[in-house]
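Just below is one structure, and these are the notes that go with it.
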């Protein structure tokens with residue numbers, strides 16, 4: 001028998017979260033359990049419970065990690081694109097959102113399944129609010145700088161989020177590939193440009 005791997009505290013936590021992603025990818029979220037995650041990570045059955053408490057805690061940490069990854073990816077896209085003007089920042093944010101969803105569809109799917117998560121988790125709330133706050137602040141800049149005809153920060157934020165999220169969900173679900181196909185990131189960039197040009201730059 002192969003020896004169990006040895007982990008430092010932080011390494012084990014990350015290894016367990018990677019196991020969640022693998023299990024969802026291979027078998028679906030219905031097969032995620034503390035015992036199955038421990039088996040996949042090749043650690044004791046008590047390890048996931050020690051770190052996360054229960055299945056809801058495990059999935060909540062997995063979702064929080066997703067929002068953290070999303071935030072980092074948005075910052076990287078802003079740096080890569082050199083976006084400075086508020087409408088350009090909004091476009092770049094949307095591109096990063098779609099790229100994250102397509103790169104981590106298993107995690108993306110869990111992040112918004114509130115019935116599976118512990119909404120009272122400070123870790124989850126902080127990570128989710130940080131990502132949403134970045135989007136809202138960008139939309140507010142667009143409104144404050146006069147790029148949006150109607151001064152409605154919340155409505156425009158909801159619209160921008162819906163465009164990026166809806167595209168990602170339709171692509172991951174197979175609807176858009178079946179109808180349109182092509183490179184999803186290039187298509188997403190066109191969709192986001194149409195939204196920003198039609199709603200923000202108009």
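The values are calculated or read from the model by the stated rules, or taken from the named source; none is laboratory data. None of these values were measured; they are calculated from a predicted model. Every residue, glycine among them, receives a Cβ derived from its backbone with ideal geometry; neighbour counts consider all protein chains shown.
Criterion applied to 137, 149, 158, 92 was being over 14 Å from the mean Cα position of the chain (by Cα), modelled with pLDDT under 95 and farther than 19 Å from residue 21 by Cβ, and the one residue passing it is 149. Screening residue 100 against (1) modelled with pLDDT of 95 or more; (2) out of contact with any helix residue (DSSP H, G or I) (no Cβ under 7 Å at 6 or more places or on another chain) leaves a single unmet condition, (2).
Kindly evaluate residue 34 against the criterion of being touching a residue at least 12 places away in the same chain (Cβ under 8 Å), in the same structural domain as residue 107 (by TED's automatic domain parsing) and crowded, with 20+ Cβ neighbours inside 10 Å. When the stated conditions are applied, residue 34 does not pass them. Within the bounds of the stretch 145-152, is there any residue that is assigned to a helix (DSSP H, G or I) and surrounded by 13 or more Cβ atoms within 10 Å (Cβ to Cβ)? Within the stretch 145-152 (the criterion being assigned to a helix (DSSP H, G or I) and surrounded by 13 or more Cβ atoms within 10 Å (Cβ to Cβ)), the answer is no, since none of the residues qualifies. Do we find that residue 114 is farther than 20 Å from residue 73 by Cβ and either surrounded by 18 or more Cβ atoms within 10 Å (Cβ to Cβ) or not assigned by TED's automatic domain parsing to the domain that holds residue 28 (or both) in this structure? So residue 114 fits the description; yes.
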